[in-house]
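A short write-up of the structure that comes next.
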Amino acid sequence: MLKGFLTPQFLAFLVTGGFAAIVNFCSRILYNLWLSYSWSVILAYITGMITAFALAKLFVFKESKNSLRHSALWFLAVNAIAVLQTWGISVLLAFHVLPSLGIDFYNKELAHAVGVIFPVFTSYLGHKHLSFKQE
């Protein structure tokens, strides 16, 4: 299964998505200075998503035949699913799973990092076949 993902395009997606994930992660910490953890996760996801769209369009899916509007709408739809995955996992881990395991050191950061990483494969497939379709 993983073999089909090991393409230059997927690796470029990982690099650009990794950068967007760093933007997401760091902006959550900044937003959390003024907002609740839950809202910070959502706003950070939006910040990372804007970064990811620009980088994906420029460096990963250069051959896309979709219009900018079409790509942006599908990108939002794919990321609506991914943000639910990220938020759900982040909140579940930070406030339920990690405390029940007795882990109380950087819970929010650890939970958010796992939440950001989780939708990598679903997002790639959605963007490849919907947001930036090349056919």
Among the residues of region 33-45, the number that are farther than 13 Å from Lys108 by Cα and either surrounded by 15 or more Cβ atoms within 10 Å (Cβ to Cβ) or in contact with a Leu (Cβ under 9 Å, 6 or more places away or on another chain) (or both) is 5
Counted residues in region 119-135 being surrounded by fewer than 17 Cβ atoms within 10 Å (Cβ to Cβ), part of a loop (DSSP other than H, G, I, E, B) and touching a helix residue (DSSP H, G or I) at 6+ places or on another chain (Cβ under 9 Å) come to 2
Going residue by residue through region 123-132, is there one that turns out to be among the hydroxyl-bearing types (Ser, Thr, Tyr), at pLDDT 90 or above and closer than 15 Å to Ala21 by Cβ?
no
If the requirement is being in a helix (DSSP H, G or I), surrounded by fewer than 20 Cβ atoms within 10 Å (Cβ to Cβ) and touching a Gly at 6+ places or on another chain (Cβ under 9 Å), which of these qualifies: Val15, Val23?
Val23
Which of (1) closer than 15 Å to Ile42 by Cα; (2) surrounded by fewer than 16 Cβ atoms within 10 Å (Cβ to Cβ); (3) not charged (D, E, K, R) does Ala111 not meet, given it meets every other one?
(2)
Looking at (1) among the basic types (Lys, Arg); (2) modelled with pLDDT under 90; (3) under 15 Å from the mean Cα position of the chain (by Cα), which is the one condition that is false for Arg28?
(2)
Filtering region 62-92 for residues that are surrounded by fewer than 20 Cβ atoms within 10 Å (Cβ to Cβ) and either touching a Pro at 6+ places or on another chain (Cβ under 6 Å) or outside any helix (DSSP H, G or I) (or both) leaves a count of 7
Region 31-52 - residue that is of a type in the set (Phe, Trp, Tyr) and at pLDDT 95 or above and, of those, nearest to His129 (Cα to Cα):
Tyr31
Hey, does region 88-102 have a residue that's among the aliphatic types (A, V, I, L, M) and under 19 Å from Pro8 (Cα atoms)?
no
Quick check: is even one residue across region 126-134 of a type in the set (S, T, N, Q) and either more than 16 Å from the chain's Cα centre (by Cα) or more than 22 Å from Leu11 (Cβ to Cβ) (or both)?
yes
Exclusive hit being within 15 Å of Phe121 (Cβ to Cβ), out of contact with any Leu (no Cβ under 8 Å at 6 or more places or on another chain) and without any contact (Cβ under 8 Å) to a residue 40 or more places away in the chain, set Leu30, Leu6
Leu6
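The values are calculated or read from the model by the stated rules, or taken from the named source; none is laboratory data. All values derive from a computational prediction rather than experimental measurement. Methodologically, a virtual Cβ is constructed for each residue, glycine included, from the backbone with ideal geometry; neighbour enumeration extends over all protein chains shown.
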